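Working notes, beginning with the structure itself.
Laboratory data are not the source of any read-out in this text; all were calculated from the coordinates shown. Computed from a predicted structure; not experimentally measured. Counting neighbours? That spans all protein chains shown, and the Cβs are built from the backbone with ideal geometry, glycine included.
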Amino acid sequence: MVRTILRTRGIGRRFAGVTALDGIEADVRAGEVLAIVGENGAGKSTLLKILSGVLAPSSGSIEEVDEHGHAHELRLRSVAEATQVGIALVHQELNLAEHLDLAGAILLGREHHRFGWLDLRSMHAEAARWLARVGLDLDPSTLCGSLPIAQRQLVEIAKALSANARILILDEPTSSLSARETDRLLAMLDELRRSGVAIVYVSHHLDEVLAIADRAIVLRDGRMAGTLERASMDRATIERLMVGRDLPPTTARPSLGAAPDRLVVDGVVTSHRRRRPASLVVKRGEIVGLAGLVGAGRTELLEAIAGLGHASGTIMLDGRALSGTMAQRVARGLAIVPEDRARHGLFTLDPVRTNVSMAWLPRGAHVGMVDHAGERDLVDGMITRLRLRPSDPARRVQTLSGGNQQKTVLGRWLAVEPSVLLLDEPTRGVDVGARHDIHEAIRAAATTGCAVLFASSDLEEVLLLADRILVMHDGAIAGELARESATEVAIMGLATGGALEAAR
Ligand SMILES: Nc1ncnc2c1ncn2[C@@H]1O[C@H](COP(=O)(O)OP(=O)(O)OP(=O)(O)O)[C@@H](O)[C@H]1O
Ligand SMILES: [Mg+2]
């Protein structure tokens, strides 16, 4: 039975000087998946935060509709109030308390008590059930902070599910999940929909939206660009409504020919977990993609190359051993755009300007003097090149939308014109137009000789960007595919160890 249970009436939201939302009319229906799509900064997260009590609207109202069709205004003053009426939000920027264990994080605010004490045994049992539900086989006493980002995302989802919400709101829940976990999540959402839960879902992956959504609201610059019913939903229509421009074709990649090896990784074993050794080569001007399932060891390998964490084996840059701390490696021309921009990349309280120029400044400084004019040109150039929105260098990073935060970290490292550029999920949470811009910027860096090694869970991205694809399985490189012969099926086969099985 599909019926409207929540409705927004002309919702608007202003932040100092910015209209993030204006005149939003959305219907949330039980037993339906409502997708909210739009470019970076279109207002999606802001809308979800208003629906879940994180933010108050500046204008308009939210109405709850009962089974008789009677509406009354719902004033949500906090997340706790939203939880009480059965609304749960999975945030875009993960915000699990790092010091809590999984049981504590999942059941936060709903702890079990027995004789006045926390009943840890029963909490752990319940948490274990929710973890299993999202396919995580983890001990409930594991600390949240020790988990890689994809697993934390799944824990956030387990937490929302455990609240038994009537309305489940998810902000880019699949942005760091690989194809397999994404399929599992979509199946889970389908099951919840059948049981009558209303789902509001934001994603930049239009294939997911097309697979699961019953309706889609397209936002553009904070306004309603259109509402599409399932029958009228197709990729081209959605893209046209959200982007409002046609994407230019991608730049053709020059043939590498006999380019010399730039980055050589030989028998690297990360001490993180017991892994098999990984070896690879990236030539001057080459873009190599690392594919694999979540947990295959892509992030660990990139971090080992960057000097984050202990690893054994040899790494060479332009024929000379690359070792020491990350700072020493950066001084040699290495750059890394980390997966978790909130934890390792951005100084969110600082403006875009300092976030972009900070790695460049030591080079831009002449005899100890900061080159302010040079810095300004650099930052303005990066803002234009990456189409950062709003294009204001004084903007605090904290107030940028997720995709624009990603562009900011990328801009910092492109600015130093690195010899080796390592990228972990370079377009996580980035819209189709911005993804194109970021890919073009990476291609341009490669064209000047930079060796690019990137990890991505997005197979479409791997196929679009990489000259050559390495597939990781269980810490090691399980196989290699040339761009011409690579397909999603071939990558998945290697990633799941299929080829290894077949070879035995
Ligand atoms: N706290 C804030 N202060 C000032 N401006 C903000 C704040 N939060 C959001 N904005 C602005 O509101 C607009 C909408 O942001 P929002 O995060 O809702 O976008 P989004 O559609 O979720 O984008 P993305 O796809 O990148 O996540 C942006 O221009 C953003 O910079
Ligand atoms: Mg967002």
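Largest first, the three principal axis extents of the alpha carbons in the stretch 394-435 are 31, 25, 16 Å in whole numbers. At full extension, Asn164 and Leu100 could sit 20.9 nm farther apart than now, given 0.36 nm per residue minus the alpha carbon distance. Magnitude of the charge dipole for the chain, about its Cα centre and with charges confined to Cβ atoms of Lys, Arg (+1) and Asp, Glu (-1), is about 640 debye. With only the Cα atoms considered, the stretch 3-243 has a convex hull volume of 136 Å³ per residue. For the chain, the equivalent ellipsoid built from the Cα gyration tensor has semi-axes of 38, 27, 23 Å, listed from largest to smallest.
Amide H contacts for Leu219 (H built 1.01 Å from N in the peptide plane; partners 5 or more residues away or on another chain; cut-off under 5 Å): Val37, Gly38, Ala225. Taking every C-alpha pair closer than 8 Å and separated by at least 6 residues, the mean separation divided by the residue count of the stretch 3-243 gives a relative contact order of 28 percent. Placing unit charges on the Cβ atoms of the charged side chains and taking the dipole of the stretch 261-503 about its Cα centre, the candidate lying farthest along the positive direction among Leu317, Val264, Ser457 is Leu317. Calculated FRET efficiency, Thr447 to Thr314, Cβ-Cβ distance, R0 = 30 Å: about 0.60 to the nearest 0.05. Treating cross-link reach as a plain straight distance, find the lysines whose alpha-carbon is under 21 Å from the alpha-carbon of Lys49, omitting any fewer than eight places away in the same chain. Counting by Cα, and skipping residues close in sequence, Lys49 has these lysines nearby: Lys159. Say a paramagnetic label sat at a point 7 Å from the Cα of Glu191, along Cα to Cβ; which residues of the stretch 100-141 have their backbone N under 15 Å from it? Of the residues in the stretch 100-141, 128-137 have backbone N under 15 Å from the label point off Glu191. Can you give me the angle between helix 372-385 and the longest principal axis of the chain, using Cα atoms only, in degrees from 0 to 90, rounded to the nearest 10? Relative to the chain, helix 372-385 is tipped by roughly 60 degrees.
Rounded to the nearest 0.05, the FRET efficiency derived from the C-beta distance between Ala321 and Leu143 at R0 = 51 Å is 0.90. With R₀ fixed at 30 Å, the C-beta to C-beta distance from Asp350 to Glu484 puts the FRET efficiency at about 0.10.
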